[in-house]
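**Q** Input: one structure, supplied below.
The values are calculated or read from the model by the stated rules, or taken from the named source; none is laboratory data. Quantities reported herein were computed from a predicted structural model and do not represent experimental measurements. Positions of Cβ are generated from backbone atoms using ideal geometry, with glycine treated the same way; all protein chains shown enter the neighbour counts.
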Amino acid sequence: MATGIPTLMMGYNLEDIASGIDEYLIRQPLGVFSCIAPFNFPFMVPLWFIPYALATGNCIVVKPSSRCPITQTKLIELTEEAGFPPGVWSIVHGSGSMISSEFIRHPDIKGITFVGSTPVAKQIYRDAGQYGKRVIAQGGAKNFMVIMPDADLKRTIPSLMTSFYGNTGQRCLSGANAVVVGEDDKFYREFVDTFCDAASKIKVGYGLDETIQMGPLQSKKAKERVLGYIEKGIEEGAKIVLDGRKLRIEGNLPDDCFLNPTVFENIRPDMVIANEEIFGPVASIMRAKDISQAIDIIHGNRYGNSAAIFTSSGKTARDFQYRVMAGNIGINIGIVAPMAFFPFSGMKDSFFGILHGQGQEAIRFFTESKVVIQRWW
Amino acid sequence: MKLTTASQVVSFAIETEYKIEAFYKKLAEKYKDQSEVFTSFAKESMKNKTVIQRTYQGVVSDALETGYSFEEFVVDDFIPDISVPEKASLFDVAKRALQVEEKIQKFYQIAAQMSGGLLADVPQTFERIASRIDKRKESLKSLFK
């Protein structure tokens, strides 16, 4: 994508907008941008922004997550080795709140990208707006996976396993709520049983062992947070059909940060575990009588990062794509991650800003449009 | 041995291609008359290894269904016997090589079927390698004559 920047930065022109006068648009870099990165994808997420910022002619200052600062430090070392001019791509470590407020106030910084929690995304968006800065602020998520009665379960279940349990559920595109559509109890039961069976077989252990399918949570604190949600779900009356607290870890490892996949059913949309981002390996299964009710449930949630449908019907899929208010829509896709040519979209409380990261939107974010009107005597 | 992740399947394939390369290099060394054929097979194994690695790095990512695609892919039957008996005739080693090719071809065919849930590049790569093996099998069979 970045290597195609010259083409993507091209403006456009119109000859003779009035007699003897031509008009054209050029895109120019703005100066310095900043990037505040999350812990869960310490390498990938900053690269949603950095190549675009640099290739369009800007400089960038990256603030990695304090929980995982090494990856970006290593990357900076590689840029030095590659011969980047000093200061073009910089890194600053420290407290997120202190550094982000410095980024917001600093007159040389023209824009900020942020990926993290919704409260912080909202605050950065609001504060940066006061200083006239551009912002891409990606917040939390609660992604719905809608399973239609005509879904091919054999192919759907592996996709859902990756969606709910990949990265131990610590990603903003993870499936969180599965909505099984229809009043067919037999299909519902088959889905829940197959889902639980597959989830129970996931091998949990050391993440760098390639036989392992799910690693630990990022910290003890993260595990405590997820445990709190599991307890909350039980307290609210959800039925725990697969209890990840009963640990089955491969190898002799301390259990501080591990949890096995958890599955709840009998979930009501108003429950806390159906609404808040758990950021862990917990699936909540609920039912909807039809696609419209499923969409209403999705719309009742504050987030709008992604939503997916599993179906064999093109008509139902199109209806879903048309109606659902979520930035990234999956059709028989569990992790709706746009590739670099497309923007990483997001709506509602999952995104604050106008232009998104990646794709042509990122080109517009990192450049200023300048219109030239010319006449020669 | 049961493989359950795409990463394991790719590692198994790469490791096997290395073994096959070593096998053919040994044959090329030992059977000078057929050195060219065996050397080309060894080179092709390394090409296969590169293609698999590129496909994996190019299209297999955490975003896709990598972790759970290969439900219990038992590969014990596909581990080739690459030993070369000291006094084996060309006929014997060609026969052994044919068995090696048949095993690895079967592995790629099943891997292609089982990776249908991944991006199409993955099964296509496995299929392409499997079909290329047909040519190698033909060449080996000609050594029997």
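**Q** For region A:319-375, name all the residues that are more than 19 Å from A:S174 (Cα to Cα) and hydroxyl-bearing (S, T, Y).
**A** A:Y322, A:T367, A:S369, listed by residue number.
**Q** Also, quick follow-up: What number goes with the only condition from (1) surrounded by 20 or more Cβ atoms within 10 Å (Cβ to Cβ); (2) under 15 Å from the mean Cα position of the chain (by Cα); (3) within 14 Å of another protein chain (Cβ to nearest Cβ) that A:F342 does not pass?
**A** (1)
**Q** May I pose another question? Among the residues of region A:325-336, is there at least one that is at pLDDT 95 or above, within 14 Å of chain B (Cβ to nearest Cβ), outside any loop (DSSP other than H, G, I, E, B) and under 30 Å from A:A222 (Cα atoms)?
**A** Yes, the conditions are met somewhere in region A:325-336.
**Q** I would also like to ask the following. Step by step: first the residues of region A:156-195, then only those that are outside any helix (DSSP H, G or I) and of a type in the set (G, A, S), then the one that is farthest from the other protein chains (Cβ to nearest Cβ). Which residue is that?
**A** Within region A:156-195, the first condition is being outside any helix (DSSP H, G or I), and the residues that meet it are A:170-184.
Next, from what is left, pick out any that are of a type in the set (G, A, S): A:174-176, A:178, A:182.
On the way: A:S174: 11, A:G175: 12, A:A176: 16, A:A178: 15, A:G182: 24 Å.
The selected residue is A:G182.
**Q** Those residues that are more than 26 Å from A:H299 (Cα to Cα) and not in a helix (DSSP H, G or I), I need them from region A:345-377; list them, please.
**A** Here is the first cut: in region A:345-377, the ones more than 26 Å from A:H299 (Cα to Cα) are A:359-360, A:362-377.
Listed by number, the residues that qualify are A:F366, A:T367, A:E368, A:S369, A:K370, A:V371, A:V372, A:I373, A:Q374, A:R375, A:W376, A:W377.
**Q** Moving on to the next point. Which numbered condition trips up A:S292, out of (1) in contact (Cβ under 8 Å) with a residue 12 or more places away in the chain; (2) in contact with a helix residue (DSSP H, G or I) (Cβ under 9 Å, 6 or more places away or on another chain); (3) of a type in the set (G, A, S)?
**A** (1)
**Q** Checking B:S45 against (1) surrounded by 18 or more Cβ atoms within 10 Å (Cβ to Cβ); (2) more than 27 Å from B:M114 (Cβ to Cβ): exactly one of these is not met. Which one?
**A** For B:S45, the failing item is (2).
**Q** Moving on. Is it the case that region A:199-212 has a residue that's away from every other protein chain (no Cβ under 14 Å) and either surrounded by 22 or more Cβ atoms within 10 Å (Cβ to Cβ) or in contact with a Phe, Trp or Tyr (Cβ under 8 Å, 6 or more places away or on another chain) (or both)?
**A** No, there is no match, as no residue in region A:199-212 is away from every other protein chain (no Cβ under 14 Å) and either surrounded by 22 or more Cβ atoms within 10 Å (Cβ to Cβ) or in contact with a Phe, Trp or Tyr (Cβ under 8 Å, 6 or more places away or on another chain) (or both).
**Q** Quick test for you: out of B:A112, B:A94, pick the one residue that is buried (at least 20 other Cβ atoms within 10 Å of the Cβ), modelled with pLDDT under 95 and away from chain A (no Cβ under 14 Å).
**A** Values: B:A112 fails: buried (at least 20 other Cβ atoms within 10 Å of the Cβ).
On inspection, the qualifying residue turns out to be B:A94.
**Q** Can I ask one more? Across region B:1-42, which residue is nearest to B:K87 (Cα to Cα) among those that are crowded, with 16+ Cβ neighbours inside 10 Å and small (G, A, S)?
**A** Result: B:A28.
**Q** Out of B:A13, B:A42, I need the residue that is over 27 Å from A:F164 (Cα atoms), within 14 Å of chain A (Cβ to nearest Cβ) and either in a loop (DSSP other than H, G, I, E, B) or within 12 Å of the chain's Cα centre (by Cα) (or both). Which one?
**A** Numbers: B:A42 fails: within 14 Å of chain A (Cβ to nearest Cβ).
Selected residue: B:A13, the only one of B:A13, B:A42 that is over 27 Å from A:F164 (Cα atoms), within 14 Å of chain A (Cβ to nearest Cβ) and either in a loop (DSSP other than H, G, I, E, B) or within 12 Å of the chain's Cα centre (by Cα) (or both).
**Q** Which one of A:I136, A:I112, A:I104 is outside any loop (DSSP other than H, G, I, E, B), within 23 Å of A:S66 (Cα to Cα), of a type outside the set (G, A, S) and touching a His at 6+ places or on another chain (Cβ under 9 Å)?
**A** Values: A:I112 fails: touching a His at 6+ places or on another chain (Cβ under 9 Å); A:I104 fails: touching a His at 6+ places or on another chain (Cβ under 9 Å).
Answer to the selection: A:I136.
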